[in-house]
Amino acid sequence: MSVPDLETYRRRAEEFVGALDSEYYEHFSGRKPVCDTAAVYDRYPELFTREAVVELDALYQRTVEEDAKRRLAYLIAFTVDGFMGEQTKHLVDEIANTEGSTTIEVDGETIGLRQAGVVQGNEADAARRARIQGARLAATEQHLNPLLERHWRRCHDLAGELDYPNYMELYSEVKGLDYGLLRAELETGRTHQIRVHLAHIGHPVVGDAVYGPTGAMRISGAGLPWARELERRVPRQFLHAAELSFTHPRTGESMRFRSPLPPDLAPALEWARQTSGGSDA
């Protein structure tokens, strides 16, 4: 890919991002009832081919200058995302439209599945919250899970087409990230500090109905169905105190307690590792 071609690619990529963001905004805001990201991808057929990924990677390997290399790394990650999205565009639209049209019934009230998380988070009655959660899980199992399963099987196949053994290894390399569990250390005893801070930077704790009731909605592209399915499998906020240490107030002895991940969270973590191709963190 020559320099002029690279500049053309970047310009077209910027146009695509604007068009895709607009499509997502129109649909998820309720202004457009039918999500049609496939039409957006069809307007940019040259951007997200396997050949484009290979050519950009070859250019990255030949590049020496650090800033240019960094920019190319971002572009490769974008192109891989686009390749995944282009290959699954019709299925992703089907998932979005199915979710948008699905409703649940709770105590005689009809609630849109997409709005149910917000309603649940704002509900003061614990028993009603539990009923809403049960209805959400049942609707997701019936209407969305078969589509999500098809999507993730296809994504794993696509990682193989890009010569990676699985989805997680692909994204670990192109994003330059270690996809293990996030570990946070508290500096004060202030209530909710981890939850508030993570929600503020756009990465709420999975299953947090107060600070992140629409957490998966912050994700677009190929990662959205997987994030939704992970949220469905988490029975509560995925926040666990793995270690507690303090100085005993009377003896001055250093006290330390460790706790394994509880059984209500462990299955969701195991599912996440299996479906993303990861190993233990």
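The values are calculated or read from the model by the stated rules, or taken from the named source; none is laboratory data. Note that the structure is predicted; figures quoted are calculated from it, not measured. Note that each Cβ is placed from the backbone with ideal geometry, even for glycine, and that neighbours are counted across all protein chains shown. Only protein heavy atoms, including side chains, enter the accessible area calculation; ligands, DNA and RNA are left aside. Shrake-Rupley method; radii C 1.70, N 1.55, O 1.52, S 1.80 Å.
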If I filter region 16-53 down to residues being outside any helix (DSSP H, G or I) and of a type in the set (S, T, N, Q), which single residue comes out as nearest to L91 (Cα to Cα)? T49
Pick from A58, A19, A13: which is more than 23 Å from L148 (Cα to Cα), open to solvent by less than 20 Å² (accessible area, probe 1.4 Å) and of a type in the set (G, A, S)? A13
Across region 1-50, which residue is nearest to A77 (Cα to Cα) among those that are touching a Cys at 6+ places or on another chain (Cβ under 9 Å) and of a type outside the set (S, T, Y)? E23
Going through region 224-236 in order, the residues found to be assigned to a loop (DSSP other than H, G, I, E, B) and open to solvent by less than 50 Å² (accessible area, probe 1.4 Å) are V234
Please work out which one of (1) assigned to a loop (DSSP other than H, G, I, E, B); (2) within 23 Å of V92 (Cβ to Cβ); (3) modelled with pLDDT under 80 is the condition G189 fails and give its number. (2)
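Find the residue count for region 54-93, including only residues that are more than 14 Å from Y41 (Cβ to Cβ), of a type outside the set (S, T, N, Q) and in a helix (DSSP H, G or I).
So the count comes out to 21.
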So, in region 68-81, how many residues would count as being open to solvent by 70 Å² or more (accessible area, probe 1.4 Å) and charged (D, E, K, R)? 2
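Considering only region 253-265, state which residues are part of a loop (DSSP other than H, G, I, E, B) and open to solvent by 50 Å² or more (accessible area, probe 1.4 Å).
Correct list: E253, S259, P260, L261, P263, D264.
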